[in-house]
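The values are calculated or read from the model by the stated rules, or taken from the named source; none is laboratory data. Note that the structure is predicted; figures quoted are calculated from it, not measured. Glycine also receives a Cβ, built like all others from the backbone with ideal geometry; neighbour counts cover every protein chain displayed.
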Amino acid sequence: MKLIDLLHRWTGGLIGLLLAVLGLSGAILLHKDAWVLLPHARDPQVQEVAVLSATVERLMAGPSTPSSILLATQDFGLHRLRFGEEAGAYASQAGEIVTRWESKWDRVELWLFDLHHYLWAGEPGSVVAGWLGLIGLAFVITGVILWWRTRKTFEFRLWPARMSRPAIVRHHRDLGIVVAPLLFLSMVTGVMLTLRPVANMLLTPWSGGENFRAAMAPPKVEGGALSPDLDWTTMLGEAHRRFPEAEFRSLGLPKNPGDLISLRMKQPEEWLPNGRTLLWFDPADGRLIEARDALAMPAATQMFNAVYPLHAAKVGGLAYRVVMTLSGLGLCLLGTLSVWTFWFRRPKPKAHPAARVTAPKLREPA
């Protein structure tokens, strides 16, 4: 037990702030659609084929062609365009550019997303965040073990009774046991999104021995050169005919020669906000190459598609979003105070008073 306590305290003191950053940034991002304030951001979602086709044609005919378009949702009424690695723009559903950016540092929601997912370090940062999630899982498990010894003194407080080390440690212990189930869910889903081997291991029993990601891979068909005269009305109409109840969610143009145009749709039964119902078109003539129904994908693939909605509270409405917000804020508070108590509130060693030296009494001569 002493070893568990030692590892828990030292690891928390060393990486507690990183976990706090992940928790706070995640809690803020849960409500991104509400605090990004731009013209037309509250416009109602438009899904009519004719309107969407006209908008796509207008955006494609602009001075620069976007590499992808993330279409407006019911909660956020702007299309998001991407140009290259970091440049992008928001456009109204009529095709008017509302604002542009050349770097993620130009938009708060972009650099905050990059902080939470990549720690501002690209793909290596994503791996580091995944390992932080694994360590966070170890914190949850060891924290429950350490709390069990003191369970009879449990007292729930949102904030420590005093900013003394004993009060903070007790608050850390009791608050941790309350948010432990939420933290466990956040950590497991976050690790599955960032560390592929973990997702493979957890989903293997339902994968039938096959790679569950293969169901989402594009078809092995080489497309032609991108035509400037594509009939978007026919293409989107064909997609709507195949999946009449699904939302149009995103459109991706070929990144490399031979790639296909991809279209993602979201059926009502899907949790993933951008859906995983996939269609691919030949960029030369707009001919449909293949369509895949997300609801007919293997069980492991459908389970993986539910991981992100659970992690980012894209399912369950406002109630679940509040629950996951508490998870993020709880992680921020636990991580911050653990570092504070470890480095700045450690008890000072008590000074032991010097022992008195009594001189021996001399006998008087007889």
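Structure data summary
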{"item": "Unique residue being of a type in the set (Phe, Trp, Tyr) and closer than 26 Å to HIS117 by Cα when the list is TRP271, TRP206", "result": "TRP271"}
{"item": "Residue within segment 61-69 that is touching a strand residue (DSSP E or B) at 6+ places or on another chain (Cβ under 6 Å), within 19 Å of LEU263 (Cα to Cα) and not polar (S, T, N, Q) present", "result": "yes"}
{"item": "The lone exception for TRP120 - which of (1) outside any helix (DSSP H, G or I); (2) surrounded by 15 or more Cβ atoms within 10 Å (Cβ to Cβ) it fails", "result": "(2)"}
{"item": "Verdict on GLY12 being in contact with a Phe, Trp or Tyr (Cβ under 9 Å, 6 or more places away or on another chain) and in a helix (DSSP H, G or I)", "result": "yes"}
{"item": "Options ARG213, ARG165, ARG157, ARG173; residue that is at pLDDT below 95, charged (D, E, K, R) and exposed (fewer than 14 other Cβ atoms within 10 Å of the Cβ)", "result": "ARG157"}
{"item": "Count of segment 312-328 residues which are buried (at least 18 other Cβ atoms within 10 Å of the Cβ) and of a type in the set (A, V, I, L, M, F, W, C)", "result": "3"}
{"item": "Residues located in segment 60-76, provided they are within 16 Å of ARG249 (Cα to Cα) and of a type outside the set (S, T, N, Q)", "result": "PRO66, ILE69, LEU70, LEU71, ALA72, ASP75, PHE76"}
{"item": "Residue match in segment 39-52 (condition: within 30 Å of GLY143 (Cβ to Cβ), buried (at least 17 other Cβ atoms within 10 Å of the Cβ) and either hydroxyl-bearing (Ser, Thr, Tyr) or touching a strand residue (DSSP E or B) at 6+ places or on another chain (Cβ under 8 Å) (or both))", "result": "no"}
{"item": "One residue from ARG80, ARG100, ARG162 being more than 16 Å from VAL36 (Cβ to Cβ), among the basic types (Lys, Arg) and not in a helix (DSSP H, G or I)", "result": "ARG162"}
{"item": "Selected residue [assigned to a loop (DSSP other than H, G, I, E, B), surrounded by fewer than 16 Cβ atoms within 10 Å (Cβ to Cβ) and not acidic (Asp, Glu)] from GLY286, GLY223, GLY275, GLY258", "result": "GLY258"}
{"item": "Test: residue in segment 228-246 that is over 22 Å from VAL188 (Cβ atoms), of a type in the set (A, V, I, L, M, F, W, C) and exposed (fewer than 14 other Cβ atoms within 10 Å of the Cβ)", "result": "no"}
{"item": "One residue from ARG213, ARG241 being charged (D, E, K, R) and touching a Ser or Thr at 6+ places or on another chain (Cβ under 9 Å)", "result": "ARG213"}
{"item": "Flag if TRP111 is part of a helix (DSSP H, G or I), under 21 Å from the mean Cα position of the chain (by Cα), surrounded by 15 or more Cβ atoms within 10 Å (Cβ to Cβ) and without any contact (Cβ under 8 Å) to a residue 24 or more places away in the chain", "result": "yes"}
{"item": "ALA129 in contact (Cβ under 8 Å) with a residue 12 or more places away in the chain, surrounded by 14 or more Cβ atoms within 10 Å (Cβ to Cβ), of a type in the set (A, V, I, L, M) and touching an Asp or Glu at 6+ places or on another chain (Cβ under 7 Å)", "result": "no"}
{"item": "Selection within segment 15-44 - of a type outside the set (A, V, I, L, M, F, W, C), within 21 Å of the chain's Cα centre (by Cα) and not in a helix (DSSP H, G or I)", "result": "HIS31"}
{"item": "Pairs, first in contact (Cβ under 8 Å) with a residue 60 or more places away in the chain in segment 68-80, second surrounded by 21 or more Cβ atoms within 10 Å (Cβ to Cβ) and part of a strand (DSSP E or B), C-beta under 6 Å, six or more apart", "result": "ILE69/HIS79; ILE69/LEU81; ILE69/LEU251; LEU71/HIS79; LEU71/PHE248; LEU71/ARG249"}
{"item": "Where a residue in segment 16-32 is hydroxyl-bearing (Ser, Thr, Tyr) and its partner, wherever it lies, is surrounded by fewer than 18 Cβ atoms within 10 Å (Cβ to Cβ), with Cβ under 9 Å and at least six apart", "result": "SER25/LEU112; SER25/PHE113"}
